[in-house]
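Just so you know, all these numbers are worked out from the coordinates, no wet-lab data involved. Just so you know, these numbers come straight off a predicted model, no measurement behind them. Counting neighbours? That spans all protein chains shown, and the Cβs are built from the backbone with ideal geometry, glycine included.
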Ligand code: PEP
């Protein structure tokens with residue numbers, strides 16, 4: 001993890017209304033202290049409808065928690081009912097946005113081309129994309145998980161210049177481990193995270209690859225976080241279920257304890 005500050009990002013998915021969001025962020029802010037924030041970047045990714053409330057709280061109380069969105073439109077604006085533009089997220093001071101989460105790929109038919117366009121839309125608005133990649137169970141069983149995941153990395157990064165790529169966060173999330181309680185072993189996580197970093201070195205260069213944070217996501221919880229975070233190419237977690245309870249999420253932030 002040389003020189004890279006770990007990132008723990010809570011993907012709340014379609015959970016918590018704006019009042020519940022405020023309550024959870026307040027609990028996190030109360031439980032975490034400067035030592036935590038010096039060692040780990042802590043991010044929450046609430047539903048769109050919560051963002052304004054979270055922003056007001058974070059700004060007003062000068063919290064060190066950062067926040068972002070779970071999706072962004074590939075379009076800049078106009079007749080796209082239900083979509084949210086990158087400029088709107090930037091106006092709310094979003095630091096991050098996830099692109100290509102497996103649930104978006106599966107339920108909203110997002111292809112690598114769309115994910116790539118969304119990553120570009122994020123960068124165009126100075127928002128850092130968290131590019132989610134990872135294989136399903138059939139692909140893992142066939143032993144093709146590394147090649148499959150790297151193809152998603154290639155697709156997601158197509159045409160993105162080094163000056164932007166060096167800021168990106170990549171989250172390796174094996175689909176079979178998301179929300180299933182089935183966690184990848186630390187070795188599984190390390191294998192693919194290291195392969196992603198090696199691919200970044202091929203696509204760009206070694207210096208850039210050494211800067212990019214590669215996260216693991218998939219049923220990360222207090223009982224397994226230390227083993228996963230001990231791996232040299234894992235720089236944090238994209239956390240679903242365990243990010244909805246302050247106590248659990250704080251334990252993940254304090255993975256070293
Ligand atoms: C996720 O949705 O990105 C995720 C990793 O979920 P969970 O932690 O619940 O498996």
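Of all DSSP beta bridges in the chain, what percent run antiparallel (nearest 5)? Before the final figure, lay out each step's value.
Details: 0 of 27 bridges.
For the chain, the DSSP antiparallel bridge percentage is about 0.
Based on other C-beta atoms within 10 Å, arrange 75, 101 from fewest to most. Each step should come with its number before you reach the end.
On the way: 75 14, 101 28.
Going from least to most buried by this count: 75, 101.
Each label point is 7 Å from the Cα along the Cα-to-Cβ direction; what then is the distance between the points at residue 33 and residue 4, in nm?
2.9
Going by how many other Cβ atoms sit within 10 Å of their own, how do 95, 185 line up, fewest first? Before the final figure, lay out the partial values.
Numbers: 95 17, 185 12.
Final ranking by Cβ density, sparse to dense: 185, 95.
Relative contact order (percent) for the range 157-257, with alpha-carbon contacts under 8 angstrom and 6 or more residues of separation?
Values: 150 pairs, mean separation 30.7, N = 101.
Across the range 157-257, relative contact order equals 30 percent.
Just the number: Rg to Rh for the range 123-185, Cα atoms, Kirkwood Rh, two decimals. Kindly include the intermediate steps, with their values, before the conclusion.
Working: Rg = 13.5 Å, Rh = 12.9 Å.
Rg divided by Rh gives 1.05.
Can you show me the helix-derived [θ] at 222 nm for the chain, built from DSSP H runs with n ≥ 4 at -39,500 (n - 2.57) apiece and divided by the number of residues, rounded to the nearest 500.
Values: 13 runs with 114 residues, N = 257.
Rounded to the nearest 500, it is -12500 deg cm²/dmol.
Label points 7 Å out from Cα along the Cβ direction at residue 83 and residue 151: separation in nm?
Distance between label points: 2.6 nm.
If contacts are Cα pairs under 8 angstrom and at least 6 residues apart, what is the relative contact order of the chain in percent? List each step's numbers first, then the result.
On the way: 487 pairs, mean separation 54.3, N = 257.
The value is 21 percent.
Tell me, what is the FRET efficiency for residue 56 and residue 141 to the nearest 0.05, using R0 = 35 angstrom and their Cβ-Cβ distance as r?
Numbers: r = 47 Å, r/R0 = 1.34.
After rounding, the FRET efficiency stands at 0.15.
So for the chain, Kirkwood radius off the Cα pairs, Stokes-Einstein at 25 °C and 0.890 mPa s: how many µm² s⁻¹? List each step's numbers first, then the result.
On the way: Rh = 18.1 Å.
For the chosen part, D equals 136 µm²/s.
Please give the direction-averaged projected area of the C-alpha convex hull for the range 61-185, in square nanometres with one decimal. Before the final figure, lay out the partial values.
On the way: hull surface 37.6 nm².
For the range 61-185, averaging the hull's shadow over all directions gives 9.4 nm².
Please identify, among 116, 125, 11, the residue showing maximal mean-square fluctuation in a Gaussian network model of the chain using a 10 angstrom Cα cutoff.
Between 116, 125, 11, it is 125 that shows the largest mean-square fluctuation.
Neighbouring Cβ atoms within 10 Å as the yardstick, rank 255, 67 fewest first. Could you put the intermediate results ahead of the total?
Working: 255 21, 67 25.
Least to most surrounded, the residues fall as 255, 67.
Counting pairs of alpha carbon atoms under 8 Å apart in space and at least six apart in sequence, what relative contact order in percent does the range 143-215 give? Could you put the intermediate results ahead of the total?
Numbers: 53 pairs, mean separation 30.3, N = 73.
Value for the range 143-215: 42 percent.
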